[in-house]
Amino acid sequence: MSDAIDLDAYLRRIDWHGALAPDLPTLRALAVAHAAAIPFENLDPLRGVPVRLELAALERKLLHEGRGGYCFEQNLLFAAALRAIGFDVHGLIARVLWNQPEDAVTAQTHMLLRVAAHGESWLADVGFGSMTLTGALHLEAGTAQATALEPFRLLEQGGEWRMQACVRGDWLTLYRFDLQPREPIDYVLANHYVSTYPSSNFVQHLIAARTLRDRRLTLRDREFTVRRPGAEPERHTLRDGAAMCRVLEQEFGLRLPDRAALERRLDALPVNRM
């Protein structure tokens, strides 16, 4: 996979107007801008459309077609932009534990990034949907680290790390991972599994998320939720595919593909609270 990203197009897409340098303030600010501008969404797996991970395909979809994507698309694009700026970046892979027991054995289906800045290692992840990291975490165990929204922390035992977020007073695990850099083929295989396996959530359900500086927006099937720190979630049940499309356009800022067919697909989704 080529890393020769059109950096100017990327910066326009995330509405970036500041200076650029391979340093920690830039890394954190880019992660916040990226998460706000490029929503998490799974419209392609839901419609049976292949998800391509070549950089040209990611640029076309996420930068020029007004679309979003899920973890592999988001973090591969972000990694290419960071490398173009001068960062040293390595991709990692994780087993998702969000809404799962702590001892659950899940497949390696999530991508995150290890980034060097100021002579130290940081973790970045612009693709975890409803709990996308706003900023970057210092690679150290046991310390609560502030972000624009919830505090995050890392735990480590025997070379295995866990990413956690403090949600309404409780520390919840997002995923577990190790620090072995991964090859592109690892993401190709995992991407194929989550985007085509019949029981995959990405095939069965609509999942969209957008992380703004003061709130998180999520849409799972017909349930649209707005979450702000320190406040009760605002939940709205959408009546049909047309209403879901309007929310995807107006709240998530997406340019929708083949809207008529998409509405029909969304009409078939169940009411299912998050």
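Read-outs: derived from the displayed coordinates by stated rules, not from any lab. The structure presented is a predicted model; accordingly, all values stated were derived computationally and were not measured. Note: ideal-geometry Cβ built from the backbone for every residue, glycine included; neighbour counts use all protein chains shown.
What the table shows:
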{"item": "GNM top mover of L189, L154, L206 - the chain, alpha-carbon springs below 10 Å", "result": "L189"}
{"item": "Most mobile listed residue (R67, R228, R239) in the chain, GNM with C-alpha springs under 10 Å", "result": "R239"}
{"item": "Likely footprinting exposure, C71, C245, fewest C-beta neighbours within 10 Å first", "result": "C245, C71"}
{"item": "Residue-by-residue Karplus 3J(HN,Hα) for the stretch 144-154, coefficients 6.51, -1.76, 1.60, Hz, glycine and proline x", "result": "5, 10, 6, 10, 5, 10, 6, x, 10, 8, 10"}
{"item": "In order through the stretch 97-102: 3J(HN,Hα) via Karplus (6.51 cos²θ - 1.76 cosθ + 1.60), integer Hz, x for Gly, Pro", "result": "10, 4, 6, 10, x, 4"}
{"item": "Per DSSP, loop trypsin sites (Lys or Arg not before Pro) in the stretch 100-180 with at most 16 further Cβ within 10 Å", "result": "R168"}
{"item": "Sorted by Cβ density within 10 Å, fewest first, the residues L92, L139", "result": "L139, L92"}
{"item": "Gyration tensor verdict on the stretch 198-267 (Cα atoms; rounded if a/c is under 1.5, prolate if a/b is larger than b/c, oblate otherwise)", "result": "prolate"}
{"item": "Net charge over other residues, Cβ less than 12 angstrom from the Cβ of G119 (K, R count +1; D, E count -1)", "result": "-3"}
{"item": "The chain: radius of gyration over Cα atoms, expressed as a fraction of 2.2 N^0.38 Å", "result": "0.95"}
{"item": "Contact order normalised by residue count of the stretch 176-274, Cα under 8 Å, 6+ apart, percent", "result": "21 percent"}
{"item": "Top of A104, A80, A148 by mean-square fluctuation, Gaussian network on the chain, Cα under 10 Å", "result": "A104"}
{"item": "Summed side-chain charge close to R228 - residues other than R228 whose Cβ falls under 15 Å, Lys, Arg +1, Asp, Glu -1", "result": "+2"}
{"item": "Long-range amide H partners of L133 with built H, under 5 Å", "result": "D125, G127, F128"}
{"item": "Test item: Cα-centred dipole of the stretch 198-267, Lys/Arg +1 and Asp/Glu -1 on Cβ, debye", "result": "200 debye"}
{"item": "Environment charge of R215, counting only residues whose C-beta is closer than 14 Å and scoring Lys/Arg +1, Asp/Glu -1", "result": "+1"}
{"item": "Value of relative contact order over the chain, rounded to a whole percent, pairs C-alpha under 8 Å and six or more apart", "result": "18 percent"}
{"item": "Charged-residue dipole, Cβ positions (Lys, Arg, Asp, Glu), the chain about Cα centre, Debye nearest 20", "result": "780 debye"}
{"item": "Cα→Cβ-extended label distance, 7 Å offset, between Q145 and N201, nm", "result": "2.3 nm"}
{"item": "Full-stretch length increase - E251, T237 - with 0.36 nm per residue and alpha-carbon distance subtracted", "result": "3.6 nm"}
